[in-house]
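**Student:** Here it is, the structure in full.
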Ligand code: FES
């Protein structure tokens, strides 16, 4: 432990890794652009600069705390310094802030406003650069890049992909894929974590909101929404509600008001995924083949395996994701002219994930050669659409989802967090339905924030070896161990984004530690409140197997190949 003086007050520190963290602990929000506690420190933007008692200025994110330090965070000199940095960054930045897709959630814009930068005295001398629209999910606009390197470190250190890097030097410096390739030509998995870390509009998501508005305005269409589990805990705080609270009922209400004909809950099709994946797992376990079973709900992970570990393609579960299963089932229901009533059905899925935009277009998950999910929008786009509609979201009464596909179990809800798919599958495997048995599963090692969780679970005389991973860099570590024969598992669950879908690339960015914890808590609270915890207790699921799914489970619920 040590003590330092910050702006004349004593502040104790223990394990804080840098002066910036001690300053923040003291309740002072130092501006930063390139610092993120989850990736390595780069020290490029210099906005976090502070001054010591000898007049030395330094970047607080790059300095270790030392006992006896005397720090000033807001002297006139520091304020002028920060303002100048911002002015210089803005000078080399395109000036279309009012129409930029990141407007309102751009850290550069927010800091310029906060630090009072009201004019830019310098001309932008950088030549205009081409925008890369090639990816199904991500747009890269080099004209808005401030060279902070945040996207590079997120892609390399969290996801182990390395699709982006620095090129050239000095005023020519740029962030781009190697050899100036298009993003679609790299091994980018469309997870969107680069967009979450990017403080400006240099990396953004392809938006599909206009397509949704157009569909809603067409009287010949039946527009059906499905809402993924993690969306419900990330919308409320944008409208002043408590962070992490599940607002699914309000989302259903607002979607009905916008004009959606039906609103379904993706927890329903998550229940279908559990039914199918559990059956597939038991088949493989009994036959002793294609183990470990690799989960297939996360499209970034599926792309990671097919691109980088093709020898494990057969280990991927053949199950479609909950998004894919819901869309296939709804479309099949309306293939029956009795149900269709002369209208064409458009499926809109509302997801925490940017890669779902890619997954929807993957031909191996089409039914009868047709794309099942027509439009994918992210949580961020949903929030924008609500704002656009002018509806007072915070004041809305909750509404129930529609039938027959609107009701999922608690096991479906927990798909939103890392470990949730595995926990739901384990619930399905055991015959018991009581609280003691479900609590034992929750405590077996499947929950918690660790990026790699390894545990065993007893099942019919076998100790199942299970690994739950979040973050693709961690997945690579596990897969390398499996490849070398150093680790053997029966089941591996991977979610590409750290902590699972609650921190997906399509969720509102700038989620601090408290937001992350609140979202996870919100998911588990929603599970606690569910009367039905397992898919096999869900009467609507069982009715579907007895009806529409008869003889069609493989066609509607599984991918044709990888
Ligand atoms: Fe410290 Fe950028 S936040 S240098």
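Each reported figure results from applying straightforward, stated rules to the coordinates on display, with no laboratory input. Note that the structure is a prediction, hence the values are computed from the model and not measured. In this analysis, Cβ positions are derived from the backbone assuming ideal geometry, glycine residues included, and neighbour counts consider all displayed protein chains.
**Student:** Using all Cα-Cα distances in the chain, what percent lands in each 10 angstrom bin from 0 up to the longest?
**Tutor:** 3, 17, 26, 25, 17, 8, 2, 0, 0
**Student:** Between residue 38 and residue 443, with labels modelled 7 Å along Cα→Cβ, what's the label distance in nm to one decimal, could you check?
**Tutor:** 3.0
**Student:** Taking the 0 to 90 degree range and rounding to the nearest ten, how far is the long axis of helix 322-333 tilted relative to the main principal axis of the chain, both from C-alpha atoms?
**Tutor:** 40
**Student:** If I model a spin label as a point 7 Å beyond the Cα along the Cα-Cβ vector, how far apart are those points for residue 110 and residue 171 in nm?
**Tutor:** Simple spin-label model gives 3.2 nm for this pair.
**Student:** Follow-up question, since we're still on this one. Please list the three semi-axes, largest first and in whole Å, of the ellipsoid equivalent to the range 251-312, using sqrt of 5 times the eigenvalues of its alpha carbon gyration tensor.
**Tutor:** 34, 17, 6
**Student:** Here's something else I'd like to know. Figure the gain on full extension for residue 560 and residue 371 (residue separation times 0.36 nm, minus the Cα-Cα span) and round it to one decimal in nm.
**Tutor:** 66.7 nm
**Student:** Regarding the range 81-179, what are the three Cα extents along the principal axes, ordered largest first, in Å?
**Tutor:** 38, 28, 24
**Student:** Another question about this same structure. Give me the percent of Cα-Cα pairs in the range 459-562 that sit more than 20 Å apart, rounded to a whole number.
**Tutor:** It works out to 66 percent of all Cα pairs.
**Student:** Let me ask something else about it. Using the beta-carbon distance between residue 74 and residue 134 and R0 = 41 Å, what value does 1/(1 + (r/R0)^6) give for FRET efficiency, to the nearest 0.05?
**Tutor:** Using R0 = 41 Å, I get an efficiency of 0.40.
**Student:** Output needed: percent of Cα pairs per 10 Å distance bin for the range 126-245, bins running from 0 to the one holding the longest distance.
**Tutor:** 12, 34, 28, 19, 6, 0
**Student:** Can you tell me, using C-alpha contacts under 8 Å and at least 6 residues apart, the relative contact order of the range 362-486 as a whole percent?
**Tutor:** Across the range 362-486, relative contact order equals 13 percent.
**Student:** Normalised by the number of residues in the chain, what is the relative contact order in percent for Cα pairs under 8 Å and 6+ residues apart?
**Tutor:** 16
**Student:** So if R0 is 56 Å, what FRET efficiency would residue 210 and residue 481 give, r being the distance between their Cβ atoms, rounded to the nearest 0.05?
**Tutor:** 0.75
**Student:** Relative to the longest principal axis of the C-alpha atoms of the chain, give the angle of the C-alpha long axis of helix 513-529, reported between 0 and 90° and rounded to the nearest 10°.
**Tutor:** Taking Cα atoms only, the helix is inclined about 20 degrees.
**Student:** What is the fewest-to-most order of 353, 34 by other Cβ atoms lying within 10 Å of their Cβ?
**Tutor:** With the sparsest Cβ surroundings first, the list reads 34, 353.
**Student:** Pulled fully out, how much extra length does the chain show between residue 220 and residue 314, if you take 0.36 nm times their separation in residues and subtract their Cα-Cα distance?
**Tutor:** Full extension of this stretch gives 29.7 nm more.
**Student:** How long is the gain from residue 307 to residue 279 if the chain were fully straight, where each residue apart is worth 0.36 nm and the alpha carbon distance is subtracted?
**Tutor:** Answer, rounded to one decimal: 7.4 nm.
**Student:** Still on this structure, I have one more. What's the angle, to the nearest 10 degrees (0 to 90), between helix 248-258's Cα axis and the longest principal axis of the chain?
**Tutor:** Value to nearest ten degrees: 90.
**Student:** Which percent, nearest 5, of DSSP beta bridges in the chain are antiparallel?
**Tutor:** Close to 50 percent.
**Student:** Using square roots of five times the C-alpha gyration tensor eigenvalues, list the equivalent-ellipsoid semi-axes of the range 1-123 in whole Å, biggest first.
**Tutor:** Output for the range 1-123: semi-axes of 29, 16, 12 Å.
**Student:** What's the FRET efficiency of residue 397 with residue 521 using the Cβ-Cβ distance as r and R₀ = 35 Å, to the nearest 0.05?
**Tutor:** The value I calculate is 0.90.
**Student:** Quick one: what does P(r) look like for the range 208-266 with 5 Å bins over all Cα pairs, in whole %?
**Tutor:** 4, 18, 25, 23, 17, 9, 3, 1
**Student:** Given the DSSP H assignment, sum -39500 (n - 2.57) over each helix run of at least 4 residues in the chain and divide by its residue total; what's the result at 222 nm in deg cm²/dmol, nearest 500?
**Tutor:** -9500 deg cm²/dmol
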